[in-house]
Amino acid sequence: MAARALASVTVTFGMVSIPVKLYAATSPQAGISFNLLHAACGSRLKQQYLCAKEGVVVERADMVKGYEFAKDQYVTFTPDELKELEEKGTQMIEISEFVPAETIDPVYYDKAYFLGPDKGGAKPYALLAESMRQSGQTAVGRYAARGKQYIVQLRAVPGGIVMQQLLYAPEVRTIADVGIEAAPVRDNELALAKQLIAQISSKTFDPTQYEDDVRKRIEAAVQRKVEGQEIAISETPPEGGAQVIDLMEALRASLDKTAGKRAPAKGVAEPAPAELKAAAQRKPPKKVAPEPETRRKVAKR
């Protein structure tokens, strides 16, 4: 089925204008949702809003929006005031700059859309796509829609251009906030880990290899319920703390488990067997304890 355009917009950079149409790039499966029912009769429950002060039900017509600027202190806004604050849609994607694709961390990626040429836009569309493809550059600009302003990235992909909504800097945390403790990595551990990576590496990512097993499981359970069947409940295993493992033994066990299942991807260097054997058998140098006589002399001092 042909994709349906969400909007007609114009991409501009310099004096060049490109009429394009915006299409949804993803079609996420709607999550399986459950309704809240009255356990006694099975009827749907209705959500209501209660006034925290008076304890009475408040109808939607009596509600206003407010911003809490201090503890329990609000300023309120009318619908017209909120409308005035919205960004005015211009149906324009204004390119501000071009940057190398690798300089934008994927952590900034939000929603993605396809751009297709609109009437009269095929030639400049192809020119923009090919120039970005050959230069390795991507476009960054702004786009206003639904009362909001978005940062967007335009990047060339095989067959066309993708518009990627980006998050603003304050919306993205830094990994420094995690507080990761530094840990030394030994050469023998690194050699085994690299071999394990080589064994389960692929040349490209194929999303069709992955399915939503939880969704399939829920759908099957719903069908069994519809047919009047019961769902078997398994015993919940006891929760335990983090298991302390020997890193080298875990790496060796992982290699044994994956050995023979997959050949290493082309272009992925695999360590030579002799080097791996030597790396696995190497142990960090042990500290030599001083002789008894030496220890006595140190104690006297």
Of all residues making up region 51-83, the number that are more than 22 Å from Gly147 (Cβ to Cβ) and charged (D, E, K, R): 6
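If we keep just the residues of region 165-205 that are of a type in the set (Asp, Glu) and either within 30 Å of Gly141 (Cα to Cα) or touching a helix residue (DSSP H, G or I) at 6+ places or on another chain (Cβ under 7 Å) (or both), which is surrounded by the fewest Cβ atoms within 10 Å (Cβ to Cβ)?
The initial filter retains those residues of region 165-205 that are of a type in the set (Asp, Glu), namely 171, 177, 181, 187, 189.
Still in the list and also either within 30 Å of Gly141 (Cα to Cα) or touching a helix residue (DSSP H, G or I) at 6+ places or on another chain (Cβ under 7 Å) (or both): 171, 177, 187, 189.
Details: Glu171: 10, Asp177: 7, Asp187: 10, Glu189: 15.
Top of the filtered list is Asp177.
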Which of the numbered conditions does Thr208 fail, given that it passes all the others? Conditions: (1) open to solvent by 60 Å² or more (accessible area, probe 1.4 Å); (2) over 26 Å from Arg252 (Cβ atoms); (3) in contact with a helix residue (DSSP H, G or I) (Cβ under 9 Å, 6 or more places away or on another chain). (3)
Can you name the residue in region 77-108 that is touching a Ser or Thr at 6+ places or on another chain (Cβ under 8 Å) and of a type in the set (A, V, I, L, M) and is also most open to solvent (accessible area, probe 1.4 Å) among such residues? Met92
Can Ala139 be described as hydrophobic (A, V, I, L, M, F, W, C), free of Cβ contacts under 8 Å to residues at least 60 places away in the same chain and open to solvent by less than 90 Å² (accessible area, probe 1.4 Å)? no
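Phe69: in a strand (DSSP E or B), open to solvent by 100 Å² or more (accessible area, probe 1.4 Å) and either touching a Cys at 6+ places or on another chain (Cβ under 9 Å) or not polar (S, T, N, Q) (or both), yes or no?
Details: in a strand (DSSP E or B): yes; open to solvent by 100 Å² or more (accessible area, probe 1.4 Å): yes; either touching a Cys at 6+ places or on another chain (Cβ under 9 Å) or not polar (S, T, N, Q) (or both): yes.
When the stated conditions are applied, Phe69 passes them.
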Could you please find all residues in region 12-26 being of a type in the set (A, V, I, L, M, F, W, C), out of contact with any strand residue (DSSP E or B) (no Cβ under 6 Å at 6 or more places or on another chain) and closer than 11 Å to Ile95 by Cβ? Val16
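In region 38-57, is there at least one residue being outside any strand (DSSP E or B), among the acidic types (Asp, Glu), surrounded by 10 or more Cβ atoms within 10 Å (Cβ to Cβ) and modelled with pLDDT of 90 or more? Walk me through how you get there before you give the answer.
Our first condition is that a residue be outside any strand (DSSP E or B); within region 38-57, this holds for 38-43, 45-48, 51-56.
With among the acidic types (Asp, Glu) added as a condition, the list becomes 54.
Still in the list and also surrounded by 10 or more Cβ atoms within 10 Å (Cβ to Cβ): none.
No, that holds for no residue.
The values are calculated or read from the model by the stated rules, or taken from the named source; none is laboratory data. Since this is a predicted model, take the numbers as computed values, not measurements. Cβ atoms come from the backbone with ideal geometry, glycine included; neighbour counts cover every protein chain shown. Heads up: the accessible areas ignore ligands, DNA and RNA and are worked out on the full protein's heavy atoms, side chains in. Shrake-Rupley method; radii C 1.70, N 1.55, O 1.52, S 1.80 Å.
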